[in-house]
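Engineer: Here's a structure for you.
The values are calculated or read from the model by the stated rules, or taken from the named source; none is laboratory data. Predicted model, so just to flag it, every value in this text is computed and none were measured. So basically every Cβ, Gly included, is an ideal-geometry build from the backbone, and we count neighbours across all protein chains shown.
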Amino acid sequence: MRPFRLQDLVPWRELTIDTTWPPEVVAIEIRKRLAPRVPRPLYAFGFGVPSPDHPFVGKGEGAHFVFSRAIGYRNSFLPVIILSVAAHDEGSRLNLRMRLNAVVMAFMGVWMTGATIGSLSIAVAGLYDGNPAGLVGLLFPLFGGGLMSGGFAYEARRAEALLRDIFPTPPPPPPEPVGPYR
């Protein structure tokens, strides 16, 4: 796993993984590791155990996939992974984008805007009255940003490690098919 960087805290990530496998084999290998997304009822608080054979849940058509990591707990900041497989000079290139769920991104935008405006107004009013204790309220939006960034960074690093384990560098030879490869 690569070392932590400050840009890892941004809830958006793009990366590429190169492999010598043909694009068709890469797509099949990814499809083998995808489980269909099964909706859980809102009242289900139990921790499910993801299958080691299916570390991701989502769907894919052709060479394009949209999925996330299969986890046995709830995390609103779990990255949505958009992957496309393209032919490359000596094999395939996996183009990945990781981002927050659109609903979570919209909620955090509204929440962070409200928290920032509220804490700034309290801080300005406190400074106007000669009370610098109102500046403590500025920690509230920082806490929200840290919560979002930390949750996303943790899950994105784990998803990236899982994908790099499937297609390590240097890539192994493609698996030998026994009969039709599926």
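Engineer: Quick one: Gly91 ticks every box in (1) of a type outside the set (D, E, K, R); (2) at pLDDT below 80; (3) touching a strand residue (DSSP E or B) at 6+ places or on another chain (Cβ under 7 Å) bar one, so which box is it?
Structural biologist: Condition not satisfied by Gly91: (2).
Engineer: Count, please, the residues in the range 83-105 that happen to be within 14 Å of Arg13 (Cα to Cα) and touching a Ser or Thr at 6+ places or on another chain (Cβ under 6 Å).
Structural biologist: 1
Engineer: If you don't mind, another one. Look at the range 134-149 and say how many of its residues are small (Gly, Ala, Ser) and more than 20 Å from Asn75 (Cβ to Cβ).
Structural biologist: Here the count works out to 2.
So that you can scan it fast, the table gives a plain yes or no per residue for (1) surrounded by 13 or more Cβ atoms within 10 Å (Cβ to Cβ); (2) modelled with pLDDT of 90 or more; (3) part of a strand (DSSP E or B):
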residue: Pro41; (1), (2), (3): no, no, no
residue: Arg97; (1), (2), (3): yes, yes, yes
residue: Val103; (1), (2), (3): no, yes, no
residue: Ala106; (1), (2), (3): no, yes, no
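Engineer: Hey, could you check the range 77-95 for residues that are assigned to a strand (DSSP E or B), of a type outside the set (S, T, N, Q) and in contact with a Phe, Trp or Tyr (Cβ under 9 Å, 6 or more places away or on another chain) and say which is farthest from Gln7 (Cα to Cα)? Break it down stepwise before answering.
Structural biologist: Taking the range 77-95 as the starting set, the residues that turn out to be assigned to a strand (DSSP E or B) are 80-88, 91-95.
Add one more test, that the residue is of a type outside the set (S, T, N, Q), and what stays is 80-83, 85-88, 91, 93-94.
Now drop any that are not in contact with a Phe, Trp or Tyr (Cβ under 9 Å, 6 or more places away or on another chain), which leaves 80-83, 85, 91, 94.
Details: Val80: 18, Ile81: 18, Ile82: 19, Leu83: 20, Val85: 25, Gly91: 29, Leu94: 21 Å.
Top of the filtered list is Gly91.
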